[in-house]
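Report on the structure given below.
The values are calculated or read from the model by the stated rules, or taken from the named source; none is laboratory data. Predicted model, so just to flag it, every value in this text is computed and none were measured. Note that we place each Cβ from the backbone using ideal geometry, even for glycine, and neighbour counts take in every protein chain shown. Surface accessibility is based on the protein's heavy atoms, side chains included, excluding ligands, DNA and RNA. Shrake-Rupley method; radii C 1.70, N 1.55, O 1.52, S 1.80 Å.
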There are 4 protein chains.
Amino acid sequence: MPPHAHRPRPPHHRTGPDDVSGLEAAIAAGRIDPSGILAIFGKTEGNGCVNDFTRGFATQSLTLALARHIGPERAAAVCYVMSGGTEGAMAPHWTVFERVEGEGATGPALAVGRVHTAPLPAEHLGRTGQVEQVAAGIAEAMRQAGLTDPRDVHFVQVKCPLLTAQRIGEAEARGARVAVRDTLKSMGLSRGASSLGVAVALGEIAPEAVTDAAIGRDLALFSGRASASAGVELLGHEIVVLGMSAAWSGDLAVDHAVMADAIDVEPVRAALARLGLGAAGQLDAAARGRLVALLAKAEASPDGAVRGARHTMLDDSDISSTRHARAFVAGALAGLVGRTDIYVSGGAEHQGPPGGGPVAVIAQRG
Amino acid sequence: MPPHAHRPRPPHHRTGPDDVSGLEAAIAAGRIDPSGILAIFGKTEGNGCVNDFTRGFATQSLTLALARHIGPERAAAVCYVMSGGTEGAMAPHWTVFERVEGEGATGPALAVGRVHTAPLPAEHLGRTGQVEQVAAGIAEAMRQAGLTDPRDVHFVQVKCPLLTAQRIGEAEARGARVAVRDTLKSMGLSRGASSLGVAVALGEIAPEAVTDAAIGRDLALFSGRASASAGVELLGHEIVVLGMSAAWSGDLAVDHAVMADAIDVEPVRAALARLGLGAAGQLDAAARGRLVALLAKAEASPDGAVRGARHTMLDDSDISSTRHARAFVAGALAGLVGRTDIYVSGGAEHQGPPGGGPVAVIAQRG
Amino acid sequence: MPPHAHRPRPPHHRTGPDDVSGLEAAIAAGRIDPSGILAIFGKTEGNGCVNDFTRGFATQSLTLALARHIGPERAAAVCYVMSGGTEGAMAPHWTVFERVEGEGATGPALAVGRVHTAPLPAEHLGRTGQVEQVAAGIAEAMRQAGLTDPRDVHFVQVKCPLLTAQRIGEAEARGARVAVRDTLKSMGLSRGASSLGVAVALGEIAPEAVTDAAIGRDLALFSGRASASAGVELLGHEIVVLGMSAAWSGDLAVDHAVMADAIDVEPVRAALARLGLGAAGQLDAAARGRLVALLAKAEASPDGAVRGARHTMLDDSDISSTRHARAFVAGALAGLVGRTDIYVSGGAEHQGPPGGGPVAVIAQRG
Amino acid sequence: MPPHAHRPRPPHHRTGPDDVSGLEAAIAAGRIDPSGILAIFGKTEGNGCVNDFTRGFATQSLTLALARHIGPERAAAVCYVMSGGTEGAMAPHWTVFERVEGEGATGPALAVGRVHTAPLPAEHLGRTGQVEQVAAGIAEAMRQAGLTDPRDVHFVQVKCPLLTAQRIGEAEARGARVAVRDTLKSMGLSRGASSLGVAVALGEIAPEAVTDAAIGRDLALFSGRASASAGVELLGHEIVVLGMSAAWSGDLAVDHAVMADAIDVEPVRAALARLGLGAAGQLDAAARGRLVALLAKAEASPDGAVRGARHTMLDDSDISSTRHARAFVAGALAGLVGRTDIYVSGGAEHQGPPGGGPVAVIAQRG
């Protein structure tokens, strides 16, 4: 059961959320077998906040494209994890996770599991009901991927829903009370509860430590391997688990690091070195070519400062702090690896320590 | 004639453009002698674009504060170079350039010259008239600073004016025709012409190579040592020249680098090393403490890509590309030096190659 | 050949650009016959500027929905005129233009013609080549609609393309030179050239009066019946002509007015009265119910003032002036008609006098 | 004790928050006596949200200008009510409230009272402690103005503080707990508590009906005469009370209306008529000339709709809903009165019914 994580044609060929020409070309050339696609991660051009419709547009466009090859049912089963916001020089791109049988070196190697959960009632969002639903989903995804030891899991991507004025209205019309009425804030709470679901599933935190009151507040609780993005186009969760498993083979490997703050790049440098991509300064051209994906979370530090120096991200009413943080942390990480087609996702509530965040690296072994 | 570049209290103590308490405290404690202040560089909290009033507010507040110590006339002679836009985790802060007699080690050391030019007629903005006015100003500033060889100049900061709807209207009312009617675009043209003025003054480009048609278009023409910021509060230019001169002493030194693109941090690492701040990864705490200022220019690469990967900065109608670029490049440079109280200024027209920009570093010698 | 302009279910049921449930319900209930649909006008949730993908998302979603009923070929022939930007309290909504045979009162009545043009070469955008292509398209649309006298035409909607960094690059790669390299500015030039195409087609301006140099500059040239919107998802033009024709029947009628500035609502009040919707103050509930569509153009007055009082729209680098103008003019018109599900489209270059714009009203006759 | 509400030179002469030339010219020409100035209301160019420094810049500039005439102490006693946000075509302008002895017609006439409160502890913001402080301030301002019957009060303007990351940090450092940690949200809570303070002071609501839990939530509680703006530059409140008093004379009168929603302009038309400015459509030139000030509050209706049609203001993460609402309601009111130099202030929590807001009109009697 060997996996592959293909990348379609170079990301500058993608001209919008609906441009699937790179994927089509890779399929036409036989570089990607659409029947083996498990998940597609993407950075899309929107604002990454409540009214970002580029995620849904990309998902609709990818689903239509795959349906032409593998039919609508199997196309719908793929996990489309579209993270909005390509601030700064971050490049819009897709990363395709594909499973191919009978190929590659022997394991352990990158293993991929994925799960769709049921729709989440609006009143569970940002509460323990969401934590539990996500934790159960991860256990199922690990089982599917043949990952038995939580220590072998290096990254869990959760795409989670958010509240809109309408969803709040519907919930309140049936007598339910949502955790928050601010729609932008609901994204943060949803990401936070999902991430605590990861922490519980991976044994980083005891389930009983997670209460409704702690979600979004007790920032000492976090997962070092969770990545959560909220999107208006979802009602339930899409979960993708990445780990190392002897049941898989191939030349791909994954590792992870935790940044302590927005400029803490040295742990990422160390993770790169563990995967054979060690470098004193920026990665050289050869090493860059072996980097398959860098997946990171970013947030404005809630105390308003980085290493004692004030930042203005939380006081800016023109640009959401998530956009600021994505642009800045993408700059720090792109300066490290020498590439801008990286995946930096905003809002790192309970994902790494306050102001920091988890980073996963997937690389081709030498 | 030994110079000093003092930094007042840590930048997280500045709570807004009008917060001069850090400067006041440094004066009260005797760490800064207000009568020696030549220039104050600042990053302020606004959008760095046309309607950024934080630059003017900061300048008004600093001028008022200094006038209480040295009188309104001498306070007005100080060069206040306020660059708007602290995107990402960049910290609002001031850097005070002060000249003190009879102190410090023997030279060569950091030398500082400054000049205010006359108001620029609106119709000269973005044209050779502006280039010539700036070049003449630099020659005068070098003379003042005792800098005779252009090769000893490492950075020239030019604060230049922009066009507003009203200034355009006034120019047109007297029959003049401005180079551009788009006010945001006028900032770019003004920065571009100012930077070509630097290139001409430092001998990087022959004066006859600079034509009206080339300004803002022929990006092969650039200075590797210019930094220009446009501000609505100015009608003329404020020029500050930084270089190394044997006529100055003290423990401060300056050097520079040119980034070829938004993530080209290795030349900056080399400049740091030349100043005694060499490091394989991020600067350690000791080296950080000796870094006095990092002054950089950033811009979205006009070809829409970084190392072949598409960016979306130029197609984003919600956030100006200058804001994107500042956030991203500040991330790359802060990841290198481990500090966020750096000065990254947007809009690098004719400042370094397209998509890249000059960087100056001032450090305390060991 | 009697026409109908149906409106699907109330606009507050539309939750996003991809929500076609209102249209589906109207089809299911027999209120709309999908085979008669000529055009769908929509206001979508995006920023209405370069990176507004909600227009393309809505068009893709509507096309998919109609294809399920009438097949992909006929679905593709419908004119989808999606105008981005529902600033202020403007409601996202669709207006469906449908032609039904053998129904309704005798004419003259609302007549609708539509045309798709060929793709426009990037270097023609904003130049006379675009003017000519649009004028030819209108003549064809009038012919189709049985409109022979230009005086019977009350509104011409043109959806036109814009330049992106990539399209500029492609044009320049083959040696062509585009009229403007600023992508946001290209929207204005495209709208301007399209509107002058309307003016030429309707005999408002002599063809020889329109030169490349006049487009975007000579604001004395304008059409009182043009409405142009630019969208990144188009390469050619989509043209819809609305007029009164004896060849059509039904109870719908159209008229138009020209606002002289952003608050000049009295001409619109007069047009409403001519259609039987006269009122001293705001329309009462009965009159509101007979208003089928209000289609207007808005722009920031280029001289920076309204009736002598300065506005800040053109100096705001945080919010595009088109967004400001849509919000403000939508407020003025909604205050007049008592409804917020109106169509106010931004960027009125050569559409009405500078700072003003054309307005069309479609009403059910009593 | 006759009052005057002078307006300095036409607002299009104000080019920025620091442009006091119009006020200076009015003083120089003897049209305004600086020693009689009680308050200056202004609309400034910023975003009207947390990081809007134009309010502070305008206040600092006005204070400096007045200090040159009446000394720093009396200049500091003037109430500067700067409301940020001139969205749409709203014109930046000042309105000067001045008291002159021995002039004008006999009363009752416009009466003005003003008060500065002590700094508000951060943990009182948005709670009953703030309500009580504001109510006490109003009682004092009424007493000063000779207003004894609350029914004679037509408008109470309260400028109130907000929380910043730093103020929250300071409060938490001394063990206090603030009502909200989101700085933008703190503006709404502060406006809400201040407005309930007005309602209590004017007898619109019984004091015991206002609890911490009701503030910001129970929208059935509101004042029909309150207007509150939050600004980062304040630590306490500035309160200005406008009413009709027999103790005052002069030709100015004030009345008020309550808009039920964002397009409910008819009550304002009625208030204009009560002041002698009746008109079927838009005010004509003569009536416009007698309108001295229109002061209104605007907000996005919290249920996400206006008269059943959905709006997108609360789901927009690019533009704050307060900016949308100001632009739109300013359009509706400017369409009514035919002028754009009106004062529409965002955030109408507990000011009028949800989605609506109070409006005051000051006019010169015929």
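Per-residue answers, yes or no, for (1) over 22 Å from D:LEU38 (Cα atoms); (2) among the polar types (S, T, N, Q):
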{"site": "D:HIS116", "(1), (2)": "no, no"}
{"site": "D:GLU140", "(1), (2)": "no, no"}
{"site": "D:GLN166", "(1), (2)": "yes, yes"}
{"site": "D:LYS185", "(1), (2)": "yes, no"}
{"site": "D:ILE205", "(1), (2)": "yes, no"}
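Determine if region D:169-182 includes at least one residue that is outside any loop (DSSP other than H, G, I, E, B), closer than 29 Å to D:ALA296 by Cβ and in the same structural domain as D:VAL232 (by TED's automatic domain parsing). The answer is no; no qualifying residue exists. Considering only residues that are small (Gly, Ala, Ser) and open to solvent by 10 Å² or more (accessible area, probe 1.4 Å), look in region D:135-150 and name the one that is nearest to the chain's Cα centre (by Cα). The selected residue is D:ALA135. Farther than 23 Å from B:ARG217 by Cα and open to solvent by less than 20 Å² (accessible area, probe 1.4 Å): does that describe B:VAL153? The answer is yes for B:VAL153. The residues of region B:323-341 that are among the aliphatic types (A, V, I, L, M) and surrounded by 24 or more Cβ atoms within 10 Å (Cβ to Cβ), listed by number, are B:ALA325, B:ALA327, B:VAL329, B:ALA330, B:ALA332, B:LEU333, B:ALA334, B:LEU336. Looking at region D:36-67, which of the residues that are of a type in the set (Gly, Ala, Ser) and assigned to a strand (DSSP E or B) is farthest from the other protein chains (Cβ to nearest Cβ)? For region D:36-67, the residue satisfying everything is D:ALA39.
Please verify whether region A:156-168 includes one or more residues that are charged (D, E, K, R) and open to solvent by less than 10 Å² (accessible area, probe 1.4 Å).
Residues of region A:156-168 charged (D, E, K, R): A:159, A:167.
Applying the additional criterion that residues be open to solvent by less than 10 Å² (accessible area, probe 1.4 Å) yields A:159.
The answer is yes, given that some residue of region A:156-168 is charged (D, E, K, R) and open to solvent by less than 10 Å² (accessible area, probe 1.4 Å).
Kindly check whether there is at least one residue in region C:321-340 that is in contact (Cβ under 8 Å) with a residue 60 or more places away in the chain, in contact with a strand residue (DSSP E or B) (Cβ under 7 Å, 6 or more places away or on another chain) and assigned to a loop (DSSP other than H, G, I, E, B). Yes, some residue in region C:321-340 is in contact (Cβ under 8 Å) with a residue 60 or more places away in the chain, in contact with a strand residue (DSSP E or B) (Cβ under 7 Å, 6 or more places away or on another chain) and assigned to a loop (DSSP other than H, G, I, E, B). Of the strands (runs of 3 or more DSSP E) lying entirely inside region C:217-319, those carrying at least 2 residues that are surrounded by 19 or more Cβ atoms within 10 Å (Cβ to Cβ), more than 14 Å from chain B (Cβ to nearest Cβ) and among the β-branched types (Val, Ile, Thr) are C:238-245, C:252-259. Considering only region B:275-291, I want to know if a residue exists there that is within 18 Å of the chain's Cα centre (by Cα) and within 25 Å of B:VAL96 (Cα to Cα). Looking through region B:275-291, at least one residue is within 18 Å of the chain's Cα centre (by Cα) and within 25 Å of B:VAL96 (Cα to Cα). Within region C:165-189, the only residue that satisfies the criterion of being in contact with a helix residue (DSSP H, G or I) (Cβ under 8 Å, 6 or more places away or on another chain), within 8 Å of chain B (Cβ to nearest Cβ) and in contact (Cβ under 8 Å) with a residue 40 or more places away in the chain is C:THR183. Here is a check on your reading of the model: is C:SER83 outside the structural domain of C:THR148 (by TED's automatic domain parsing) and modelled with pLDDT under 95? So C:SER83 passes the test. Can you list residue pairs whose Cβ atoms sit under 6 Å apart, with the first residue in region B:242-263 being among the charged types (D, E, K, R) and the second being surrounded by fewer than 23 Cβ atoms within 10 Å (Cβ to Cβ) and part of a loop (DSSP other than H, G, I, E, B)? Count only pairs 6 or more apart in sequence or on different chains. Close Cβ pairs satisfying both conditions: B:ASP251/B:GLY104; B:ASP251/B:ALA105; B:ASP251/B:ARG365; B:ASP255/B:LEU275.
Select from region A:179-201 the residues that are surrounded by fewer than 23 Cβ atoms within 10 Å (Cβ to Cβ) and farther than 14 Å from A:ALA230 by Cβ and list them in ascending order. Listed by number, the list holds a single entry, A:ARG181.
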